[in-house]
Amino acid sequence: MRLLRAAAIFMVLLAAPANAQRAPAAPQEPPKSPTQIEQEKASENAYKRSLGNIPDQPPADPWGGARAVEPAKPAVKDPPAKRAKASSSAN
């Protein structure tokens, strides 16, 4: 019986630090008034209208400068150079 009681106390002591790490509850925001709702809608509409003023841009190609603009030309093979025969006599 003492062993069971000691084990129960031990488990309670281990659970206390883990329970202390729990985050506190987030505070509740009060409901918004009709004027605040209208202001948010007006600012949202102004934001959407401002997006229309941005000119369209082509998609960015960060590797565009690293790639060749024109396709690679096939390499032209040079005819093999003629070799002169080595003379058998020493100079």
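The values are calculated or read from the model by the stated rules, or taken from the named source; none is laboratory data. Keep in mind that what you see is a predicted model, and the values were worked out from it rather than measured. Note that each Cβ is placed from the backbone with ideal geometry, even for glycine, and that neighbours are counted across all protein chains shown.
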In segment 1-26, residues that are at pLDDT 80 or above and in a loop (DSSP other than H, G, I, E, B) total 1
Inset, instruction - Might you check whether a residue that is at pLDDT below 80 and loosely packed, with under 10 Cβ neighbours inside 10 Å occurs anywhere in segment 46-60? - result: no
